[in-house]
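Below: the structure, in structure tokens.
The values are calculated or read from the model by the stated rules, or taken from the named source; none is laboratory data. Keep in mind the model is a prediction, meaning the values are calculated, not measured. Ideal geometry is used to build each Cβ from the backbone, glycine not excepted, and the neighbour counts take in all protein chains shown. With ligands, DNA and RNA removed, areas are computed over all heavy atoms of the protein, side chains included. Shrake-Rupley method; radii C 1.70, N 1.55, O 1.52, S 1.80 Å.
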Amino acid sequence: MKRDAGNLNEAAISHYREDGYCVIESVFDVNEVAAVNQEISAIESRMIAAAATGVEYHLDGKRFVDVGVHTLQFELPPNESRLRVLEPAHSLSPILLELISDRRILDPIRQILNTNRVGLWTDKVNFKCPGGSGFGWHQDAPYWMHAAENLNCLPNVMITLDDVTVDNGAFRVIRGSHLAGNRTSKDDGSQLQGFYTHPDEIDLSESVEFVVPAGTAIIFDPFLIHGSSANVSSTPRRAMIATYQPADCLSLKAKTMINLC
Ligand SMILES: O=C(O)CCC(=O)C(=O)O
């Protein structure tokens, strides 16, 4: 189910409710995407430099650094000089705040949340540099379970910032998997096992992969099982993911109210 930018029609809203996602193509044009990518590149350099002042830790061999409220996750060797994820990112740049506050994104979110007043729960940039690692199958809700006031009201929007191909690490979901709520997690003894979905819970016959152009918005439910493969191409596959909530609720990391209405 693909929609052009604008309000979601009833079919798109039903698709979101029943299948756990909907896709809006051509939300942002090439110039808008290029401006965001230029900003992201500057932010990556700035935050890598700032990591020297942060608090470093390792989980399952992955390097994390907290710099104030920002968590930096670095890529694995041989790409360890590159960022994998930066969360949150909007407060580092008016351009990123503008992107995730854009009416073309907020209007569909208002429809999904059935409210005019929308706030931000969290946001991140996934850099997916050439050689960047994939994301194992997981749901987002378990990460947020202990902090969110409205676990069922946290729609995610992935904004693609490069044309997505199978080779550069397309995003994928298990259609309808949100309907069964919180799934059993992995039990492989890893530190992050609680955040990954147990393989027995994953019905690969319902897997949907999104090969979409830059500037697309993929809206998905916080309980939807999702992930992506590694980037085996020579070009990046950048994306920004913003997660919304009803207004007047605290955000995940900074614990401030970020009302976008
Ligand atoms: O960016 C991707 O490819 C996957 C993102 C993802 O699963 C996440 O950030 O939760």
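Taken as a whole, the condition of being in contact with a Leu (Cβ under 8 Å, 6 or more places away or on another chain) and more than 12 Å from the ligand (Cβ to nearest atom) does not apply to GLU206.
The rows are residues; the columns are (1) in contact with a helix residue (DSSP H, G or I) (Cβ under 6 Å, 6 or more places away or on another chain); (2) touching a residue at least 24 places away in the same chain (Cβ under 8 Å); (3) open to solvent by 60 Å² or more (accessible area, probe 1.4 Å).
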site	(1), (2), (3)
ASP140	no, yes, no
MET145	no, yes, yes
MET158	no, yes, no
VAL164	no, yes, no
ARG172	no, yes, yes
ARG183	yes, yes, no
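Consider segment 215-254 and keep the residues that are within 14 Å of the ligand (Cβ to nearest atom), in contact with a Cys (Cβ under 9 Å, 6 or more places away or on another chain) and open to solvent by 20 Å² or more (accessible area, probe 1.4 Å). The one that is nearest to VAL125 (Cα to Cα) is ARG238.
Looking across segment 167-191, the residues that are within 15 Å of the ligand (Cβ to nearest atom) and within 18 Å of the chain's Cα centre (by Cα) come down to ASN168, GLY169, ALA170, PHE171, ARG172, VAL173, ILE174, SER177, HIS178. The criterion of at least 2 residues that are open to solvent by 20 Å² or more (accessible area, probe 1.4 Å) and more than 25 Å from ASP248 (Cα to Cα) is met, among helices (runs of 4 or more DSSP H) falling completely within segment 1-115, by 10-19, 30-50.
Sub-7 Å Cβ pairs linking a first residue in segment 13-41 that is polar (S, T, N, Q) and at pLDDT below 95 to a second residue that is open to solvent by 10 Å² or more (accessible area, probe 1.4 Å) and assigned to a strand (DSSP E or B), at least 6 apart or interchain, are SER26/ASP4, ordered by first then second residue.
Note on segment 116-127: among residues that are more than 15 Å from the ligand (Cβ to nearest atom) and open to solvent by 30 Å² or more (accessible area, probe 1.4 Å), the one that is nearest to LEU260 (Cα to Cα) is ARG117.
Checking each residue in segment 135-166 for being within 11 Å of the ligand (Cβ to nearest atom), within 22 Å of GLN245 (Cβ to Cβ) and in a loop (DSSP other than H, G, I, E, B) picks out GLN139, ASP140.
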